[in-house]
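**Student:** Pasting in a structure now, in structure tokens, and then I'll have a few things to ask.
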Amino acid sequence: MKKILLLILLTTITSWSFVRADDPQGGNSVLLSPKIDTPIGGHGGLQKDEPASILIDQLGHDLIFGEDYCCCMITLAFEDCIVYSTYVPATGTVSLPITLSGTFELVLYVGDVRFVGEITL
């Protein structure tokens, strides 16, 4: 019985992954990893844990950050040159200009931490 339940669970998870990957509107997830310019802690102060990575959703030219990141700045860079910059609105969704195409470095600034990932438009 346990084997059957495990098989059903794995089949459900796997089929959900394929549906998400084959989204006809081009939706996928983007992983943003933390990059810290200055060491956390030091000088005898309290040490902080490194922030966890952030997973956002991309649906075409729309980036869905969620409301937790409203008012945070994002930039898109191509070959170390910033080509677009804006702030995450209260809705948590940023609509990028449709004139942007290609692969870009996406940076989300949250306090003194940068979260960096790569997106393709």
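**Student:** Can you tell me which residue within region 17-56, out of those that are open to solvent by 60 Å² or more (accessible area, probe 1.4 Å) and of a type in the set (Asp, Glu), is modelled with the highest pLDDT?
**Tutor:** Among those that are open to solvent by 60 Å² or more (accessible area, probe 1.4 Å) and of a type in the set (Asp, Glu), it is Glu50.
**Student:** Let me ask you something else. If you check Gly117, Gly111, Gly66, which single one turns out to be in contact with a Ser or Thr (Cβ under 9 Å, 6 or more places away or on another chain), modelled with pLDDT under 95 and not aliphatic (A, V, I, L, M)?
**Tutor:** Among Gly117, Gly111, Gly66, only Gly66 is in contact with a Ser or Thr (Cβ under 9 Å, 6 or more places away or on another chain), modelled with pLDDT under 95 and not aliphatic (A, V, I, L, M).
**Student:** Separate question: Filtering region 96-117 down to residues that are under 16 Å from His61 (Cβ atoms), in contact (Cβ under 8 Å) with a residue 12 or more places away in the chain and in a loop (DSSP other than H, G, I, E, B), which residue is most open to solvent (accessible area, probe 1.4 Å)?
**Tutor:** Ile98
**Student:** Across region 62-94, what is the total count of residues that are open to solvent by 30 Å² or more (accessible area, probe 1.4 Å), hydroxyl-bearing (Ser, Thr, Tyr) and within 14 Å of the chain's Cα centre (by Cα)? Explain how you work it out, then say what you get.
**Tutor:** At the first step, the residues of region 62-94 found to be open to solvent by 30 Å² or more (accessible area, probe 1.4 Å) are 62, 64, 67-71, 73, 78-87, 89-91, 93.
If we keep only those that are hydroxyl-bearing (Ser, Thr, Tyr) as well, we get 69, 84-87, 91, 93.
This time we only want the ones that are within 14 Å of the chain's Cα centre (by Cα), so: 69, 93.
Looking only at that region, the number is 2.
The values are calculated or read from the model by the stated rules, or taken from the named source; none is laboratory data. From a predicted model like this one, the values you see are computed outputs, not experimental measurements. Reconstructed Cβ throughout: ideal geometry from the backbone, glycine too, with neighbour counts over all protein chains shown. Quick note on the areas: whole protein, heavy atoms, side chains included, nothing else; ligands and nucleic acids left out. Shrake-Rupley method; radii C 1.70, N 1.55, O 1.52, S 1.80 Å.
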